[in-house]
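Visitor: Shown below is the structure under consideration.
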Amino acid sequence: MSILGKIFTWWDGATIGTSLFTARHGEQVGTDAQGNEYYRSKAKGDGRERRWVIYNGSNDASRVPAEWHGWLHGAGEGVPESNLPPAHIWEADYSPNATGTQAAYRPAGALERGGQRASATGDYEAWSPDT
């Protein structure tokens, strides 16, 4: 990405400001399977540490795995990779949020699927203010 892109865009990776802050104050603690990098800062005067993620690609919060989401919000002290149980065979791999794309779920009756919904079965009675 060009230098102007890094200055003026926030939706595809870290901006220059975030990159500079990370270089000065950040300590990388881990990377997830998608290549997102996780950082923390040293505690300041108030005793709290900041935690943040630098996305590998588009900035989409649904790309943060559950264990790292918990870590980012202070649910655990240790790095998730050291506290995780082994993955189960039934666990699905990550799939991106499809909202707003052609792959989004569209139920029967949706306008994008022709707008034809199933006929009423007779168990529905429309409300009328006259009755």
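Visitor: Would you say Trp71 is exposed (fewer than 10 other Cβ atoms within 10 Å of the Cβ) and out of contact with any Cys (no Cβ under 6 Å at 6 or more places or on another chain)?
Guide: no
Visitor: On to the next question. Taking Gly76 and the conditions (1) on the phi < 0 side of the Ramachandran plot; (2) exposed (fewer than 10 other Cβ atoms within 10 Å of the Cβ); (3) not aliphatic (A, V, I, L, M), which numbered condition does it fall short on, given that it satisfies the others?
Guide: The single condition Gly76 does not satisfy is (2).
Visitor: Of all residues in region 74-91, which are free of Cβ contacts under 8 Å to residues at least 12 places away in the same chain and within 16 Å of Glu37 (Cα to Cα)?
Guide: Gly78, Ser82
Visitor: Quickly run through region 99-131 and pick out the residues that are assigned to a loop (DSSP other than H, G, I, E, B) and touching a Lys or Arg at 6+ places or on another chain (Cβ under 6 Å).
Guide: Arg106, Gly109
Visitor: State which residue is surrounded by the fewest Cβ atoms within 10 Å (Cβ to Cβ) when the search covers only region 25-61 and only residues that are closer than 14 Å to Pro80 by Cα, free of Cβ contacts under 8 Å to residues at least 60 places away in the same chain and of a type in the set (A, V, I, L, M).
Guide: Here the answer is Val29.
Visitor: Hey, another quick one. Do we have Tyr94 as closer than 16 Å to Ala33 by Cα, surrounded by 12 or more Cβ atoms within 10 Å (Cβ to Cβ) and touching a residue at least 12 places away in the same chain (Cβ under 8 Å) here?
Guide: No.
Coordinate-derived values only; no laboratory data. Just so you know, these numbers come straight off a predicted model, no measurement behind them. A quick note on method: Cβ atoms are made from the backbone with ideal geometry, for glycine too, and the neighbour counts reach across all protein chains shown.
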